[in-house]
1. Residues A:ILE94, A:ILE108, A:ILE75, A:ILE68: which one is within 30 Å of A:TYR643 (Cα to Cα) and in contact with a Cys (Cβ under 9 Å, 6 or more places away or on another chain)?
2. Return yes when A:GLU571 is closer than 28 Å to A:ASP201 by Cα and at pLDDT 90 or above and no when it is not.
3. Could you list all residues from segment B:7-36 that are modelled with pLDDT of 90 or more and within 12 Å of chain A (Cβ to nearest Cβ)?
4. Looking only at segment B:131-150, which residues are touching a Lys or Arg at 6+ places or on another chain (Cβ under 9 Å) and within 14 Å of chain A (Cβ to nearest Cβ)?
5. Could you list, in sequence order, the residues of segment B:113-154 that are assigned to a helix (DSSP H, G or I), surrounded by fewer than 16 Cβ atoms within 10 Å (Cβ to Cβ) and acidic (Asp, Glu)?
6. When segment A:419-445 is examined, which residues are found to be among the acidic types (Asp, Glu) and under 17 Å from A:LYS330 (Cα atoms)?
7. Scan segment A:290-297 and tell me whether some residue there is surrounded by 15 or more Cβ atoms within 10 Å (Cβ to Cβ), out of contact with any strand residue (DSSP E or B) (no Cβ under 6 Å at 6 or more places or on another chain), in a helix (DSSP H, G or I) and within 9 Å of chain B (Cβ to nearest Cβ).
8. For segment A:319-335, enumerate the residues that are of a type outside the set (A, V, I, L, M) and at the interface with another protein chain (Cβ under 7 Å from one of its Cβ atoms).
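The values are calculated or read from the model by the stated rules, or taken from the named source; none is laboratory data. Because the structure is predicted, anything quoted here is derived from the model rather than measured. Note that each Cβ is placed from the backbone with ideal geometry, even for glycine, and that neighbours are counted across all protein chains shown.
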Amino acid sequence: MATIIKTISFNNFFNYYGEYDDTQYDFEEGTNIIVADNGGGKSKFFNAFLWLFYDEVLDSETKRRYGIKDFGLKIISDKAKKETPIGDTVSCGIRLEYETPRKRFRIIKSIKAKKLDESITDNNAWSLTIDEAEVDVTDLVLPKYKAVYDPDKKREIINDLIQPSLRQYSFFQGEEVDRIIDFSKKNSIKEAINTLTGMSDFDELVKTTHYINEKAIDTRDKHIKESENASIQTQKDLEEKKALRIEIEKLEKEYENVRIQFENAEKEIARIEQNYTNAQKRQKLDNKIKEERNKLKTARDNYHDYLDKINGKFFDGNFAWLALGFDKEKNDFRDRITQYKETRYETLTLRGIEENPNDHFTILPFDSPDSVTLDKMIDDKHCYVCNRSAPEGSDAHKYLLKLKNRNNTSKAKPKFRNDLVQFFDNLQLNASPFFKRTDQVKDSVMSTIQIEKDLKGRVIKLEKNVKSLVGSRQDIIITGNDDESKDSDIIKDYGVAIKQKQQSEDRYNRIKGELNNKLKTLEDLNSKISKEAPLSNSDKFESFARLTRDIEEATRRTRDRVFDQMLKRLESYANIHFKDLIKYNEQSGGILKFTKSPTGTIDFNYIDSNGNLVSGASTGFQRMKIFSVVMAIISANTSNYNYPLLADAPLSEFGTGFIKSFFEEAGKIFPQSIILVKELYDKDNAKTLLSKEGEALLKESAISTFYVNTQEDVEQIELVTSKKRLK
Amino acid sequence: MDSNQFREKLLIKRPRYNKRYDLLIKKLANKGTTKSEYSQFGPIYEIFIYCFMIGLKSQRRIPLPERKLTADFLEIGKWKRESPIVDFLLSIVLTKSEELSFDWNSMEDMEDNDLSQCIDKIISFIEEYANGGFQLLEELYEKPEYAESHYIFMDIYRKVVEGELE
């Protein structure tokens, strides 16, 4: 008779702001998935169940659980607290509905807080009351809820959702995944077997039969001793046996103490090992976070530097953004400078003509003497054209000289008052980087936008990386105050614990050996006494002693056989599940092997096909091993497992290869699973907000419902979790 | 006067602007002290040149008020010396010789006084169109469509030069 959770809703519970109906999730049988990024309501969802079952919540900062009465103010939505006027009351609660084949139950747990002052964090500013749990029941034929008043009945209904003794197999969160079966406690599997087989009854039986056997032997010995026919040797043996039993008793006590010491040493190693492993993980993450933060800083600096330089492109000749739209002016300037030079030249020429019209012409008048004759006339100081003298300094002589020098004087052009040609030429030359880019500006702008977008994209990507790494780091727990535990201390403690374990183990083995020897001696002595005893008197007592011994032996063997059978069965189921869990993974796995350790606990090992112990497999593999054992424990139970699975699944630890198989296997064992994941979230996919793995999973028919939690990018106090149902 | 002398006389001029735009200039001209939320101009002459260009393209020529309500800044010759921006600016101005009321050829024969007046006309031209540009920028700058964009100045510029402003 499976219990199926139908709805879960919240009223101002952490980031789930609003009334119950606003925040309701509807679930079905089979696999239900809620995708939520860090801070997206994932662990708060889990806290609702902690409140439901244990009246506790988990503080995500300290990773510790607190009672509702101690933590009450913090579970109320900040936004709701902010909006509540002083003197008014705000309510906060969780509501869950579940069904069995015949009935439906509704459970509400809530608190109320009256606002006395403005602060939303100061406990003195609020007066809290914890409401009584409300439980209602209805049948499914004619649904109408009726209240349940009896407190015991209420508790029963709440526990019926998932039985307390089985919650460790149904209900696990984050790092708790590794603690469902805490393989550091080697008793874990043994305890599971004990629960499944009712082993405690067998142990009681063995104890009882042993006690009866001892008493039977004592009675026999007493009669032998009191018998007149008992030989001196027999008397001696009886005395020896008495002394031996005292020694054995002492040794058994010491054995028990050393066994406990040895177990404690093993637990201590496991505890430190976990911390050590986690410390290593955190150190690795710290280095990665530092590296990513440095990259982020550089990327941000580059981005801001780029932004600061954008407007400089208006004035920089390499980009010349100011030149946009100035094609006309470019052409104008070119035309004007051409026109200017042409006009200038014409003006120059005209001025030259006006000043010296004759100089302007380079051809001599008709009948003019040639230059040789001219020279002669100048030298002779006589003009042979008009046949008259031309003495030096006379007008005639000057005229002759002028004729001769006509070409030279025509080269001396008249000047302008101001010579600005170079001014305009230089303007044109210097401005050319702008003029030649008038039609390139738009492309330059587009290119700038693209580069800016790329730089911004890089910043966003790195911000996401850092956020994700920080989130992962927060998930790694080191028990105790991890500010005080340094890696060096952890390593030192680990070394000490290893040594102590070795010492305990040696002592344990020595005492065990001694005890076994003494028990053997006792047994031999019993046999000897038994043979020596005068038959007539002690026969019935001897027979009874033997009978009780046989009964004890048989009981012990039965117990061991039942235990071993269950162990084998668990191993077999675990391997079936394990094979299914890793079937989509490319890496081939070994097999799981359960073996009894010397201290009676169960060792859980992972062996390859050659029988070699495999260690150092990926975290995903490790998680799959644990799930295999959990599922085996559930499968090995003769009746069907009738409770939902509530899991916070760290899929990144699983790896892509395991995600699909995990959901399939969960579906086979649990009639309903509600699984919260973050790694399927992709903010950039506006349509579904899912990564491509998430979208693939959405299409699987085995998935009954699929939600994505969203949050707006607002300040913390305004942060609310909303949801989008995709299936 | 030769080319170099003329250029020198022009480049030592310090254009003036209306002091009522001091606040706008302060907002837009980042003197390099802090990183801005989105881009700003650098020195004052950049915003001045920008305003001149948009004033010219939108045909807003507004005379400056009386002198005491104006201020000057850096001389033209020191504006972004490594860039050809000043030559580009002057080239644009000199294509408007009709509005300047002198033509290039006539400058060749001018007396020094007259040539100085040409220079003054060039400077006034720049100042008055820049003044119009400041007015336009002040109107547009606070509009929501340009809010918080890294490309606000290019968006405005493009709309002005392409005549898309109402």
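1. Only one candidate qualifies: A:ILE75.
2. Numbers: closer than 28 Å to A:ASP201 by Cα: yes; at pLDDT 90 or above: no.
Answer is no for this residue.
3. Once the filter is applied, which keeps residues that are modelled with pLDDT of 90 or more and within 12 Å of chain A (Cβ to nearest Cβ), segment B:7-36 yields B:ARG7, B:GLU8, B:LYS9, B:LEU10, B:LEU11.
4. Those that are touching a Lys or Arg at 6+ places or on another chain (Cβ under 9 Å) and within 14 Å of chain A (Cβ to nearest Cβ): B:GLY133, B:TYR141.
5. B:ASP114, B:ASP120, B:GLU138, B:GLU139, B:GLU145
6. A:ASP425, A:ASP439
7. Taking every residue of segment A:290-297 in turn, none turns out to be surrounded by 15 or more Cβ atoms within 10 Å (Cβ to Cβ), out of contact with any strand residue (DSSP E or B) (no Cβ under 6 Å at 6 or more places or on another chain), in a helix (DSSP H, G or I) and within 9 Å of chain B (Cβ to nearest Cβ).
8. A:TRP321, A:GLY325, A:PHE326, A:GLU329, A:ASP332, A:PHE333
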